[in-house]
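Report on the structure given below.
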Amino acid sequence: MPAPLARRAAIATGLAAASLPWDLALAQPAPGGTLRVGMTANAVPLANGVPDQGAEGHRFMGITLFDQLVQWDLSRGDRIATPKPGLATAWQVDPANPRRWIFTLRQGVTFHDGKAFTAEDVVFSFDRLVKRDHPAFDARGAAISASRLFTVEGYRTEGPHTLLIDCKRTDSQLPTLLSWIGITHQGAWEAAGRNWDAFMQRAIGTGPWKMESYSIRERCVMTRNAAYWDPDRVPRTERLVLLPLSDANTRVAALRAGQVDFIEAPPPDAIPALRAAGFRVTSNVYPHNWMYFLSYVEGSPWRDARIRRAANLGIDRTGMKQMLGGMMSEGAGLLYADHPWYGSPAHRPRFDADAARRLMAEAGFTPRAPLKTRVMISPSGSGQMQPLPMNEYVQQNLKEVGIELGFEVLDWNTLLTQMREGAWMPGARGCHAINASWTAQDAYVGFIRPMHSAFAPPVAFNWGRHSDPEADALMDALLDEFDAERQDAIMKRLHARLVDNDAAIFIAHDLNPRAISARVQGFVQAQSWFQDLVTIRMG
């Protein structure tokens with residue numbers, strides 16, 4: 001076993017059990033069935049409809065308590081999840097105005113407090129995120145959602161069940177952005193004293209789960225919404241308990257002690273023992289990328305294409321896969337190699353340390369006189385896999401080709417906040433790269449927001465000011481194109497372009513392992529960052 005992981009290979013009993021949070025004993029099963037989940041987050045995600053903690057926050061707090069206009073079909077594990085109707089039953093571009101989308105809203109939906117859902121509730125849910133002079137403006141929610149609604153110019157109702165959204169430009173991809181915005185209503189905010197912190201204690205949405213209790217540092221307890229509008233998604237268990245357990249060995253210890261039923265990201269070295277003890281470990285491919293986003297601002301070494309290519313050549317991804325017990329696929333770009341948008345790049349990432357050293361020598365660096373640069377990383381977080389041993393592994397590899405990495409370790413939420421600020425801001429702490437897991441489930445999240453030159457912070461997530469006119473042109477063409485087959489063809493060309501330019505350092509794709517008690521039945525692991533917990537039954 002490579003040294004970086006071996007140093008953290010404490011079996012998740014004994015000492016690890018001693019570090020369990022004091023309050024886990026309070027998360028005991030209830031009659032009718034309780035599902036207790038150990039998350040990788042270090043806090044319970046915000047319960048305001050636009051959770052923090054990245055895609056993990058949305059997985060556990062966004063699609064449980066709330067619904068969105070557009071949702072993802074998480075019912076199958078044998079295909080990539082695709083968008084489906086949520087609170088909107090249909091959407092189309094206005095034939096007379098390609099910048100306008102028309103959404104037909106679902107009738108017969110009620111909020112957890114009994115109020116009927118209408119188009120006015122969508123307007124309120126948008127207003128409180130984009131209108132700073134609105135009485136209900138939610139500053140935390142706005143910071144998280146700014147890069148979701150940045151393409152929207154205006155919106156209005158047309159009767160109780162129709163919503164019109166005008167975009168700043170033709171935008172074929174808008175519906176997928178709306179899958180991140182949970183819908184609530186003004187009366188719920190007013191009932192909470194017109195205070196979003198108080199709202200989160202009894203959050204009101206239309207989702208399949210209802211809030212019972214919320215403590216951001218301890219747990220969130222939800223109960224089954226038996227009146228949920230979609231009978232196929234009425235939860236099979238009575239209660240859902242979410243527990244923030246950011247340490248991987250603590251999660252395993254809690255599972256083995258019977259204090260949780262379902263954990264995210266078990267450490268690879270614990271998986272054989274978990275299986276031997278009767279726990280199930282599930283995994284699946286999904287549009288995930290664990291990589292280094294690069295800074296292209298003045299003074300960054302990554303502006304040199306030779307150094308970018310050398311780094312991508314200098315990582316032994318096969319060795320990392322062995323270190324992780326097979327629970328990854330080798331980084332092949334922004335997408336894994338079998339993804340339908342992968343395309344045909346001429347220079348797929350591979351391991352060739354000699355070629356990497358030659359490129360570094362051309363750039364003026366050697367293992368004895370290395371390039372020194374810093375990377376922001378986190379010790380845990382949404383989709384981050386096993387970030388400390390993985391980053392140490394990359395550090396070892398790149399040192400051998402003439403790149404000496406230093407790390408600035410930040411908690412996951414702080415790292416995401418920095419991504420929203422930009423590489424040129426003081427919060428970058430002298431770093432010229434940032435290690436963040438990233439979803440490529442749709443074109444906006446995976447490509448346009450982090451890679452288009454027009455979408456650097458504060459607009460969206462192009463942290464390092466990546467700029468490539470050819471890639472920008474392809475992304476613009478995608479936004480103008482409404483035919484699905486032609487969109488797919490553009491995506492293939494775009495992905496090949498970004499890989500051939502070494503736009504980032506491509507390292508790994510997660511296989512999303514989860515360890516589950518034998519009592520957990522009916523879980524379908526979708527090919528998505530999001531998972532639907534409503535199908536789970538407790539045996």
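The values are calculated or read from the model by the stated rules, or taken from the named source; none is laboratory data. Source: prediction; values computed, not measured. Ideal geometry is used to build each Cβ from the backbone, glycine not excepted, and the neighbour counts take in all protein chains shown.
Can you tell me how many residues in region 296-312 are on the phi > 0 side of the Ramachandran plot and buried (at least 20 other Cβ atoms within 10 Å of the Cβ)? So that I can check it myself, show each step before the final result.
Filtering region 296-312 for residues on the phi > 0 side of the Ramachandran plot gives 299.
From the residues that got through so far, the ones that are buried (at least 20 other Cβ atoms within 10 Å of the Cβ) too are none.
Of the residues in that region, 0 qualify.
Screening V401 on (1) touching a residue at least 24 places away in the same chain (Cβ under 8 Å); (2) closer than 25 Å to K321 by Cα; (3) not in a loop (DSSP other than H, G, I, E, B) shows it passes everything except condition (3). Among all residues of region 289-310, there is at least one that is at pLDDT below 95 and in contact with a Phe, Trp or Tyr (Cβ under 9 Å, 6 or more places away or on another chain).
For every residue, the table says whether it meets (1) in a loop (DSSP other than H, G, I, E, B); (2) modelled with pLDDT of 90 or more; (3) within 14 Å of the chain's Cα centre (by Cα); (4) not assigned by TED's automatic domain parsing to the domain that holds D52.
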site: G381; (1), (2), (3), (4): yes, no, yes, yes
site: T414; (1), (2), (3), (4): no, yes, no, yes
site: E421; (1), (2), (3), (4): yes, yes, no, yes
site: W424; (1), (2), (3), (4): yes, yes, no, yes
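The residues on offer are A198, A188, A227, and the sole one that is closer than 27 Å to S246 by Cα, at pLDDT 95 or above and over 25 Å from the mean Cα position of the chain (by Cα) is A198.
When A440 is tested against (1) touching a strand residue (DSSP E or B) at 6+ places or on another chain (Cβ under 9 Å); (2) closer than 17 Å to G343 by Cβ; (3) at pLDDT 95 or above, exactly one condition is not met: (3). Being over 30 Å from F117 (Cα atoms) and among the acidic types (D, E) holds for only one residue in E190, E218, and it is E218.
Among the residues of region 224-244, those identified as under 11 Å from K210 (Cα atoms) and either basic (K, R) or outside any loop (DSSP other than H, G, I, E, B) (or both) are R224, R239, L240. Highlighted here are the strands (runs of 3 or more DSSP E) found entirely within region 431-528 that include at least 3 residues which are over 15 Å from the mean Cα position of the chain (by Cα) and farther than 30 Å from T34 by Cβ: 505-510. Every condition in (1) assigned to a strand (DSSP E or B); (2) out of contact with any helix residue (DSSP H, G or I) (no Cβ under 8 Å at 6 or more places or on another chain); (3) surrounded by 21 or more Cβ atoms within 10 Å (Cβ to Cβ); (4) not hydroxyl-bearing (S, T, Y) holds for E408 except the one numbered (3). One residue stands out in region 156-171 among those that are touching an Asp or Glu at 6+ places or on another chain (Cβ under 6 Å) and assigned to a loop (DSSP other than H, G, I, E, B): the one that is surrounded by the fewest Cβ atoms within 10 Å (Cβ to Cβ), namely K168.
Condition first: surrounded by fewer than 17 Cβ atoms within 10 Å (Cβ to Cβ) and either hydroxyl-bearing (S, T, Y) or closer than 23 Å to L294 by Cβ (or both). Now tell me which residues in region 322-347 satisfy that. Give the derivation first.
Our first condition is that a residue be surrounded by fewer than 17 Cβ atoms within 10 Å (Cβ to Cβ); within region 322-347, this holds for 322, 326, 337-338, 340, 344, 346-347.
The answer is A337, S344, A346, H347.
Within this structure, D500 fails the test of being acidic (D, E), touching a residue at least 24 places away in the same chain (Cβ under 8 Å), in contact with a Leu (Cβ under 7 Å, 6 or more places away or on another chain) and not assigned by TED's automatic domain parsing to the domain that holds N97. All of V375, V445 fail the test of being of a type outside the set (K, R) and at pLDDT 95 or above, apart from V375. Given the conditions (1) over 16 Å from A270 (Cα atoms); (2) at pLDDT below 95, report the number of the one that D247 does not fulfil. With (1) over 16 Å from A270 (Cα atoms); (2) at pLDDT below 95 applied to D247, the lone miss is (1).
Is it the case that some residue within region 530-537 is within 30 Å of V394 (Cα to Cα) and either hydroxyl-bearing (S, T, Y) or surrounded by 20 or more Cβ atoms within 10 Å (Cβ to Cβ) (or both)?
Taking region 530-537 as the starting set, the residues that turn out to be within 30 Å of V394 (Cα to Cα) are 530-531.
Then keep just the ones that are either hydroxyl-bearing (S, T, Y) or surrounded by 20 or more Cβ atoms within 10 Å (Cβ to Cβ) (or both); that gives 530-531.
Yes, there is a match, as at least one residue in region 530-537 is within 30 Å of V394 (Cα to Cα) and either hydroxyl-bearing (S, T, Y) or surrounded by 20 or more Cβ atoms within 10 Å (Cβ to Cβ) (or both).
Please go through region 61-111 and give me each residue that is touching a helix residue (DSSP H, G or I) at 6+ places or on another chain (Cβ under 9 Å), part of a strand (DSSP E or B) and closer than 30 Å to I216 by Cβ, ordered by number. Passing the criteria: V70, Q71, W72.
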